[in-house]
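The values are calculated or read from the model by the stated rules, or taken from the named source; none is laboratory data. On a predicted model such as this, the values are computed, not experimentally measured, just so you know. When we count neighbours, we look across all protein chains shown, and the Cβ atoms used for this are built from the backbone with ideal geometry, even at glycine.
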Amino acid sequence: MGMKARNLLDRLFSGVGVLAIVVMGLALVLILAPIFSRGAGAYIFKATVEHRRMLLERFERGNAEALAAEAEAVREARAPVYAMLARYAAEDLAGLSGREKREARQRLEEVEDILQELFGPMPGAATPVLPRQQYGATRWDRAEVKLDRLLYVETWDYSDSGSMGQQVLKPRREEFAGTALEPLFGYVETHLEAMLRPEWTFYWGFLTDSSFDAHIFGGIWPELVGTIYLTLGAMVFAVPLGIVSAIYFAEYAQEGRLVSLLRTCVSTLAGVPSIVFGLFGLAFFINTMHVSRSKSVLAGSLTLGMLILPTVIRAAEEAIRAVPHSYKEAAVGLGAGRWRTVVTVILPAALPGILTGTVISMGRAAGETAPIIFTAAVSVGKVLSPWETLTQPTPALSWNIYNLCTEHEAVDEIRHVQFGMAATLVLAVLLLNLVAIIMRARISNKLKG
């Protein structure tokens, strides 16, 4: 092969490499940008007076005097709405009978339900049991959605026989034309800000508060703590066992059929689907070993530890093999035994690579869902104390993201919670990787210096 052909191939491979890096970077941006942009809405948003009332009553945070003054102003702004409802019920509705009255009553109840979602219980009504019914719209973006539902009725046009129907939004005002309730819709649309008083806020409590009413209110503190428990528990199990196994493979094992079989087993475990590890953890750690009576953080940590163990072994073994052979020769020449050489010379030199593999494994353990479904995770729970982790299950970010996106009854109301959890989890994994990079660089510099 001529020199020109070699140079051309070198440039071609370099260009392909640069293109691959650019494509990966763009893919990463396209994936993470929506997560972080929408996840930021869980922390930074326009909070209404209902949100401030909820924080004061549930978490005892806020200025009670300022909130009382706000509540009085809001009460005055909402008074005409309730007056129109009362006048409609006393005058227009009372003058109807039979089927017309039932239909009018049904339309009125729809309006009242939406107004309760916006402003909370009607004056004089009994306090509802569910917290979500005790407060109105706590976020301005959701209030705007509810306003659209108040102003328009969703209908379907089937006039075109060749289609499956077309959605049509019909002004709800037309249903109450000529009645005392007709001005209500224009009034609410015009004075909604005065009735909810939205203000930009940074809700740091999303990270430190516990949730209540199935994540309708509050934060993700129990899920965050549960994720930390599970991740640290997995590392406590996997890292020592993985490093010891790597030392055996790299320094003590004699190549043969048994060692080849063990390496094959490790490689096979690295490719086993995570859901299989979850079933294994349920069958072995809970039903056979009885580490706990049912789901627990301990069982989940052991399962996650088994999941990441092959990664830790491979990363540690490669790091140990990458240590220059001259280090071992120098230690042996000074009279050090094999174990002393491994502990005092090889492991410190291999520490940057071992640390990198360990942190990558931590990121995977933090983000896994399937292994903890059967062994550790619950949808709702409190923050566990360290000794409760041996017997009790816990919420976790990965499982709760899946659960809130697929099984929650008010999935549209808590989109900000879903994306906030996802953004927090991704950010935690990125921070772990950043810490690994910084620590590896510092350790490498100390070894060189």
> Here is a list of conditions, (1) of a type outside the set (D, E, K, R); (2) surrounded by 15 or more Cβ atoms within 10 Å (Cβ to Cβ); (3) more than 24 Å from Asp209 (Cα to Cα); (4) without any contact (Cβ under 8 Å) to a residue 60 or more places away in the chain, and Ala370 meets all of them except one; can you say which number that is?
Replying inline: (4)
> Looking at Glu251, Glu223, which is the one that is charged (D, E, K, R), modelled with pLDDT under 90 and in contact with a helix residue (DSSP H, G or I) (Cβ under 8 Å, 6 or more places away or on another chain)?
Replying inline: Glu251
> Which of the residues that make up segment 254-285 are touching a helix residue (DSSP H, G or I) at 6+ places or on another chain (Cβ under 6 Å) and more than 16 Å from Gly305 (Cβ to Cβ)?
Replying inline: Ile275
>> Quick check on my filter: what residues within segment 205-225 are β-branched (Val, Ile, Thr) and either in contact (Cβ under 8 Å) with a residue 40 or more places away in the chain or in the same structural domain as Leu151 (by TED's automatic domain parsing) (or both)?
In response: Ile216, Ile220, Val225
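Take the residues in segment 170-206 that are basic (Lys, Arg) and within 16 Å of Arg149 (Cα to Cα), then tell me which one is surrounded by the most Cβ atoms within 10 Å (Cβ to Cβ). Show your work before the answer.
Residues of segment 170-206 that are basic (Lys, Arg), as a first pass: 170, 172-173, 197.
Then drop every residue that is not within 16 Å of Arg149 (Cα to Cα), which leaves 170, 172-173.
Details: Lys170: 11, Arg172: 20, Arg173: 18.
Looking at residues that are basic (Lys, Arg) and within 16 Å of Arg149 (Cα to Cα), I get Arg172.
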> If you scan segment 193-204, which residues turn out to be assigned to a helix (DSSP H, G or I) and in contact (Cβ under 8 Å) with a residue 60 or more places away in the chain?
Replying inline: Ala194, Met195, Leu196
> Across segment 266-276, what is the number of residues that are part of a helix (DSSP H, G or I), within 27 Å of the chain's Cα centre (by Cα) and touching a residue at least 24 places away in the same chain (Cβ under 8 Å)?
Replying inline: 3
> From the list Gly300, Gly333, which one is of a type outside the set (Val, Ile, Thr) and out of contact with any Leu (no Cβ under 8 Å at 6 or more places or on another chain)?
Replying inline: Gly333
>> I'd like the residue in segment 383-409 that is among the aliphatic types (A, V, I, L, M) and outside any helix (DSSP H, G or I) and, out of all such residues, is nearest to His325 (Cα to Cα).
In response: Ala396
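Can Ala246 be described as crowded, with 20+ Cβ neighbours inside 10 Å and either in contact with an Asp or Glu (Cβ under 9 Å, 6 or more places away or on another chain) or more than 30 Å from Leu397 (Cα to Cα) (or both)? Walk me through it before giving the result.
Numbers: crowded, with 20+ Cβ neighbours inside 10 Å: yes; either in contact with an Asp or Glu (Cβ under 9 Å, 6 or more places away or on another chain) or more than 30 Å from Leu397 (Cα to Cα) (or both): yes.
Taking the combined requirement at face value, the residue satisfies it.
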> Does Lys4 satisfy being surrounded by fewer than 16 Cβ atoms within 10 Å (Cβ to Cβ) and assigned by TED's automatic domain parsing to the domain that holds Phe176?
Replying inline: no
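In segment 55-65, what residues are assigned to a helix (DSSP H, G or I) and charged (D, E, K, R)? Lay out the reasoning, then the answer.
Residues of segment 55-65 that are assigned to a helix (DSSP H, G or I), as a first pass: 55-59, 64-65.
Matches in segment 55-65: Glu57, Arg58, Glu65.
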> Say we look at segment 345-362 and pick out the residues that are within 30 Å of Asn403 (Cβ to Cβ), touching a Ser or Thr at 6+ places or on another chain (Cβ under 9 Å) and not polar (S, T, N, Q); which of these is surrounded by the fewest Cβ atoms within 10 Å (Cβ to Cβ)?
Replying inline: Ile360
>> As an exercise: evaluate Arg440 against (1) touching a Pro at 6+ places or on another chain (Cβ under 9 Å); (2) under 23 Å from Ile373 (Cβ atoms) and give the number of the one condition it does not meet.
In response: (2)
